[in-house]
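One structure below.
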Amino acid sequence: MKVVILAGGFGTRISEYTTRIPKPMVEIGEHPILWHIMNWYSKFGYDDFVIALGYKATVVKEYFLNYYALNNDFTVDLGKGGIEYVNKNPRNWKVTLVDTGLNTMTGGRVKRLKDIIGDNEFMLTYGDGLSNINIDKLVEFHRNSGRIGTLSAVHPTARFGELDIDESCSVNSFKEKPQLETGRINGGFFVFKPEIFDLIDSDETILERTPMERLVEMNSLGAYKHDGFWQSMDTVRERQILEDFWNSGNAPWK
């Protein structure tokens, strides 16, 4: 099953980085967040990726064209013009890079991949969110449901600190930006049947609006509840949260 990753947006809310590179190429540790996402899918045996590009597409293309040089030591034989990798760290990844347009919306980007995906189920996620979601269980849930689409329903991280205050106005607990235990949002990590293409009209279609609304009306959108780690990267602060997890050696998605 192919894994589609949406990596074409402008990333304006984290412009401290995205004036130079697209958001999926912002690094967590020594690797772009895109690499971390792909590595998680690969852990479950899903190694066939389709990256939907747009803003600064050439940056992502150059990264994968030079992947081995960027991620391994190597020896260059200037006489013969050959390269020998010293500590080659192979990845069994097949990566299809598709420029889906600079201003194309999320649904439109998916629609442009129809010929590549064909009449097959596929997974889809955003290029700016990490999780320790069990991909095998997600796929099993989707197939057992018989629905056209499944999204992962996750608990968001609070924007502000959470206080537990008793009747006497004493603070019983203080949590700095915890992951909330109540309420869920769309966390990406979708699974779709190819029928989703029929619900996307054009490049201007936003996946999270009309197509999803149509699926709801058809009773064909399922929600896989994930209670574990999930974190998006919309701001410099959220990027630092992910960086701190990675540097601790205990990143939930590692």
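The values are calculated or read from the model by the stated rules, or taken from the named source; none is laboratory data. Worth saying up front: this structure is predicted, and the values here are computed from it rather than measured. FYI the Cβ positions are ideal-geometry reconstructions off the backbone, even for glycines, and counts take in every protein chain you see.
Filtering the range 107-134 to residues that are surrounded by fewer than 21 Cβ atoms within 10 Å (Cβ to Cβ) and of a type in the set (Val, Ile, Thr) leaves Ile116, Ile117.
Determine whether Asn120 is closer than 30 Å to Thr210 by Cα, touching a residue at least 40 places away in the same chain (Cβ under 8 Å) and not basic (Lys, Arg). Criteria met by Asn120.
Can you work out which of the residues in the range 1-26 that are part of a loop (DSSP other than H, G, I, E, B) and crowded, with 17+ Cβ neighbours inside 10 Å is modelled with the lowest pLDDT? Quick ask: steps written out before the conclusion?
Narrowing the range 1-26 to residues part of a loop (DSSP other than H, G, I, E, B): 1, 8-11, 19-22, 26.
After this cut, where a residue has to be crowded, with 17+ Cβ neighbours inside 10 Å as well, the list is 8-9, 11, 21-22, 26.
On the way: Gly8: 96, Gly9: 94, Gly11: 89, Ile21: 95, Pro22: 96, Val26: 97.
For the range 1-26, the residue satisfying everything is Gly11.
Count of the range 72-101 residues, restricted to those that are surrounded by 10 or more Cβ atoms within 10 Å (Cβ to Cβ) and in contact (Cβ under 8 Å) with a residue 40 or more places away in the chain, is 10.
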